[in-house]
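A.B. asks: Input: one structure, supplied below.
The values are calculated or read from the model by the stated rules, or taken from the named source; none is laboratory data. Values in this document were obtained by computation on a predicted structure and should not be read as measured data. For neighbour counting, all protein chains shown are included, and Cβ atoms are generated from backbone atoms with ideal geometry for every residue, glycine included. These area figures cover heavy atoms from the full protein model, side chains too; ligands, DNA and RNA do not enter into them. Shrake-Rupley method; radii C 1.70, N 1.55, O 1.52, S 1.80 Å.
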Amino acid sequence: AMGVLLASRNLAQVSMNLTDWRVTSMREVFARIRDLAAARGIDVLESELVGLAPRGAFGGATTGITYSSRSGFYMHMGKLVFVQAIVILSSKGSATGNATFSNLPVTSSASTYGWLTLAWQNMTSSYVNMTGYVATSSTQVSVRGITAASTTNISNVTDAGFANNTILYIHGVYR
């Protein structure tokens, strides 16, 4: 990690490359920097990640899921987290169950839940609306949708709705 003084803003910036997220997660890095700053009486005003990598799962399992691409960014300002990501599957794998995407960079508030906007391509069901639900105290997005056949009931989207080339755009704000 490297510290950079931003004199014009009277701030310091911590910059680093995370080379293996399996050894040290993005959440662990952020928490450690936040804790070190707090120990010195300093608040973290915002954070940014270049290369946000949402991880898909069906029924909590990731068996065989592979990606052509998954990327994005976020900004953490005060209590709000702004997220934008794209996930392009190359294989949906063999796991079954409700669709979720994990690796949100900041745990959501214990007192509020959030909704993210989803856009999609190459789904196997005829969805007219899809949204991402972020539960309280969570770093995971549950995918919910409404099909043309059921225009009034929002329900969990499962593996059956995804194809091996599904593209999912995730964006929005949560607390």
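A.B. asks: Quick check on the stretch 113-124: of everything there that is assigned to a strand (DSSP E or B) and not aliphatic (A, V, I, L, M), which residue is most open to solvent (accessible area, probe 1.4 Å)?
C.D. replies: So the first thing to find is which residues in the stretch 113-124 are assigned to a strand (DSSP E or B), and the list is 114-123.
If we keep only those that are not aliphatic (A, V, I, L, M) as well, we get 114-115, 117, 120-122.
Numbers: Gly114: 7, Trp115: 112, Thr117: 75, Trp120: 71, Gln121: 85, Asn122: 72 Å².
Top of the filtered list is Trp115.
A.B. asks: Residues being in contact (Cβ under 8 Å) with a residue 40 or more places away in the chain, touching a strand residue (DSSP E or B) at 6+ places or on another chain (Cβ under 7 Å) and open to solvent by 60 Å² or more (accessible area, probe 1.4 Å): count how many of those fall in the stretch 37-66. Steps first, answer last, please.
C.D. replies: The initial filter retains those residues of the stretch 37-66 that are in contact (Cβ under 8 Å) with a residue 40 or more places away in the chain, namely 47, 49, 52-60.
If we keep only those that are touching a strand residue (DSSP E or B) at 6+ places or on another chain (Cβ under 7 Å) as well, we get 47, 49, 52-59.
Narrowing further to those that are open to solvent by 60 Å² or more (accessible area, probe 1.4 Å): 55.
Residues that pass the stated criteria total 1.
A.B. asks: Any idea which of (1) at pLDDT 95 or above; (2) under 18 Å from Phe58 (Cβ atoms); (3) polar (S, T, N, Q); (4) open to solvent by 70 Å² or more (accessible area, probe 1.4 Å) is the one Thr166 doesn't satisfy?
C.D. replies: Going through the list (1) at pLDDT 95 or above; (2) under 18 Å from Phe58 (Cβ atoms); (3) polar (S, T, N, Q); (4) open to solvent by 70 Å² or more (accessible area, probe 1.4 Å), Thr166 breaks only (4).
A.B. asks: Here's something else I'd like to know. Looking only at the stretch 45-75, count how many residues are modelled with pLDDT of 85 or more, β-branched (Val, Ile, Thr) and assigned to a strand (DSSP E or B).
C.D. replies: 2
A.B. asks: Among what's in the stretch 125-144 and is touching a residue at least 24 places away in the same chain (Cβ under 8 Å) and farther than 26 Å from Arg27 by Cα, pick the residue that is least open to solvent (accessible area, probe 1.4 Å).
C.D. replies: Here is the first cut: in the stretch 125-144, the ones touching a residue at least 24 places away in the same chain (Cβ under 8 Å) are 125, 127, 129-130, 132, 134-143.
From what's left, farther than 26 Å from Arg27 by Cα: 125, 127, 129-130.
Working: Ser125: 44, Tyr127: 39, Asn129: 79, Met130: 4 Å².
For the stretch 125-144, the residue satisfying everything is Met130.
A.B. asks: Considering each residue of the stretch 140-167, count those that are within 20 Å of Tyr67 (Cα to Cα) and either touching a Gly at 6+ places or on another chain (Cβ under 8 Å) or not in a strand (DSSP E or B) (or both), and give that number. Explain how you work it out, then say what you get.
C.D. replies: Quick first cut of the stretch 140-167, residues within 20 Å of Tyr67 (Cα to Cα) only: 140-143, 157-167.
Applying the additional criterion that residues be either touching a Gly at 6+ places or on another chain (Cβ under 8 Å) or not in a strand (DSSP E or B) (or both) yields 141-143, 157-161.
Qualifying residue count for the region: 8.
A.B. asks: Here is a follow-up. Which ones in the stretch 16-43 are at pLDDT below 85 and either over 21 Å from Thr107 (Cα atoms) or part of a loop (DSSP other than H, G, I, E, B) (or both)?
C.D. replies: If the condition is that a residue be at pLDDT below 85 and either over 21 Å from Thr107 (Cα atoms) or part of a loop (DSSP other than H, G, I, E, B) (or both), then Met16, Asn17, Leu18, Thr19, Asp20, Trp21, Arg22, Val23, Thr24, Ser25 are the ones that fit.
A.B. asks: Please work out if Gly132 is on the phi > 0 side of the Ramachandran plot and either modelled with pLDDT of 95 or more or touching a His at 6+ places or on another chain (Cβ under 6 Å) (or both). Quick ask: steps written out before the conclusion?
C.D. replies: On the way: on the phi > 0 side of the Ramachandran plot: no; either modelled with pLDDT of 95 or more or touching a His at 6+ places or on another chain (Cβ under 6 Å) (or both): yes.
Judged against the criteria, Gly132 is not a match.
A.B. asks: I'm trying to understand the selection: among the residues of the stretch 93-123, which are in contact with a helix residue (DSSP H, G or I) (Cβ under 6 Å, 6 or more places away or on another chain) and at pLDDT 90 or above? Before the answer, list the steps.
C.D. replies: Residues of the stretch 93-123 in contact with a helix residue (DSSP H, G or I) (Cβ under 6 Å, 6 or more places away or on another chain): 96, 105, 123.
Matches in the stretch 93-123: Thr96, Met123.
A.B. asks: Continuing with the same structure: Checking Val23 against (1) closer than 19 Å to Thr139 by Cβ; (2) hydrophobic (A, V, I, L, M, F, W, C); (3) surrounded by 12 or more Cβ atoms within 10 Å (Cβ to Cβ); (4) out of contact with any Phe, Trp or Tyr (no Cβ under 8 Å at 6 or more places or on another chain), which test does it fail?
C.D. replies: Just one mismatch for Val23, condition (3).
A.B. asks: Related question: Can you find, within the stretch 76-112, the residue that is surrounded by the fewest Cβ atoms within 10 Å (Cβ to Cβ) among those that are of a type in the set (Ser, Thr, Tyr), touching a residue at least 60 places away in the same chain (Cβ under 8 Å) and assigned to a loop (DSSP other than H, G, I, E, B)? Lay out the reasoning, then the answer.
C.D. replies: First, the residues of the stretch 76-112 that are of a type in the set (Ser, Thr, Tyr): 90-91, 94, 96, 100, 102, 107-109, 111-112.
Now restrict to residues that are touching a residue at least 60 places away in the same chain (Cβ under 8 Å): 90-91, 96, 107-109, 112.
If we keep only those that are assigned to a loop (DSSP other than H, G, I, E, B) as well, we get 96, 107-109, 112.
Details: Thr96: 13, Thr107: 16, Ser108: 20, Ser109: 16, Thr112: 11.
Applying the filter and picking the extreme gives Thr112.
A.B. asks: Can you give me the number of residues within the stretch 76-92 that are modelled with pLDDT of 90 or more and in contact with an Asp or Glu (Cβ under 9 Å, 6 or more places away or on another chain)?
C.D. replies: Within the stretch 76-92, residues that are modelled with pLDDT of 90 or more and in contact with an Asp or Glu (Cβ under 9 Å, 6 or more places away or on another chain) number 1.
A.B. asks: Next up: For the stretch 67-75, indicate whether the set of residues that are loosely packed, with under 12 Cβ neighbours inside 10 Å, within 15 Å of the chain's Cα centre (by Cα) and more than 22 Å from Tyr174 (Cβ to Cβ) is non-empty.
C.D. replies: Yes, the stretch 67-75 contains a residue that is loosely packed, with under 12 Cβ neighbours inside 10 Å, within 15 Å of the chain's Cα centre (by Cα) and more than 22 Å from Tyr174 (Cβ to Cβ).
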